[in-house]
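Engineer: I have a structure I would like to understand better, so I am pasting it below and will then ask my questions one at a time.
The values are calculated or read from the model by the stated rules, or taken from the named source; none is laboratory data. Please read these numbers as outputs of a predicted model, since none were measured by experiment. Cβ placement follows ideal geometry from the backbone for every residue including glycine, while neighbour counts extend to all protein chains displayed.
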Amino acid sequence: MLHTHSIVVSTLDMDRISSLMDKMPKLSPELLRLEDELDRATIKEPQEIPPGVVSMNSTVRFKFQGKDEIMEKHLVYPHEVKSNDDISIFAPVGSALLGLSAGQTLSWPMPGGSEKVIEIIEVTYQPEREGRYDL
């Protein structure tokens with residue numbers, strides 16, 4: 001497993017994600033991996049989140065290593081997915097994005113048992129950077 005990062009998660013995001021996961025009768029292997037990542041995350045108050053970290057409601061540009069295509073997605077909670085521009089925190093790629101910063105990579109399991117290395121290019125919007133500590 002490739003770890004070239006440590007992740008940073010806000011107390012607000014941690015509380016909301018944990019609450020949603022606690023309500024699930026059973027966690028998929030991908031969500032168990034997210035739970036493991038959250039267990040080892042550095043937790044900070046929203047006002048202390050570094051400006052380049054992917055937090056909930058951030059918009060992030062990323063790609064899969066070995067591919068040229070750069071994608072841009074808005075990381076949201078499952079009930080907030082409204083378009084193809086949104087990605088749920090509970091989707092495999094969404095789970096992998098949380099807490100990373102530009103230039104960091106992470107190998108993450110995908111449906112069907114494969115693993116892909118995700119590389120963060122840029123966090124184009126982050127609520128905390130804009131003074132939005134309530135999103």
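Engineer: Any residue at all in the stretch 79-95 that is buried (at least 17 other Cβ atoms within 10 Å of the Cβ), touching a residue at least 40 places away in the same chain (Cβ under 8 Å), touching a strand residue (DSSP E or B) at 6+ places or on another chain (Cβ under 8 Å) and part of a loop (DSSP other than H, G, I, E, B)?
Structural biologist: For the stretch 79-95, residues buried (at least 17 other Cβ atoms within 10 Å of the Cβ), touching a residue at least 40 places away in the same chain (Cβ under 8 Å), touching a strand residue (DSSP E or B) at 6+ places or on another chain (Cβ under 8 Å) and part of a loop (DSSP other than H, G, I, E, B): present.
Engineer: Another question about this same structure. Looking at VAL123, VAL53, VAL76, VAL60 in this structure, which one is touching a Lys or Arg at 6+ places or on another chain (Cβ under 7 Å) and either polar (S, T, N, Q) or crowded, with 16+ Cβ neighbours inside 10 Å (or both)?
Structural biologist: One residue alone meets the criteria, VAL60.
Engineer: Restricting the stretch 1-50 to residues that are polar (S, T, N, Q) and surrounded by fewer than 17 Cβ atoms within 10 Å (Cβ to Cβ), which is nearest to TRP108 (Cα to Cα)?
Structural biologist: Keep residues of the stretch 1-50 that are polar (S, T, N, Q), which gives 4, 6, 10-11, 18-19, 28, 42, 47.
Retained after the next criterion (residues that are surrounded by fewer than 17 Cβ atoms within 10 Å (Cβ to Cβ)): 4, 6, 11, 18-19, 28, 42, 47.
Numbers: THR4: 12, SER6: 14, THR11: 23, SER18: 20, SER19: 23, SER28: 14, THR42: 19, GLN47: 28 Å.
Residue satisfying both the conditions and the ranking: THR4.
For every residue, the table says whether it meets (1) modelled with pLDDT under 90; (2) more than 11 Å from the chain's Cα centre (by Cα).
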site	(1), (2)
ASP85	no, yes
SER88	no, no
LEU98	no, no
SER107	yes, yes
MET110	yes, yes
GLU122	no, yes
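Engineer: Right, something else. I'm trying to understand the selection: among the residues of the stretch 96-109, which are buried (at least 18 other Cβ atoms within 10 Å of the Cβ) and either basic (Lys, Arg) or without any contact (Cβ under 8 Å) to a residue 40 or more places away in the chain (or both)?
Structural biologist: ALA96
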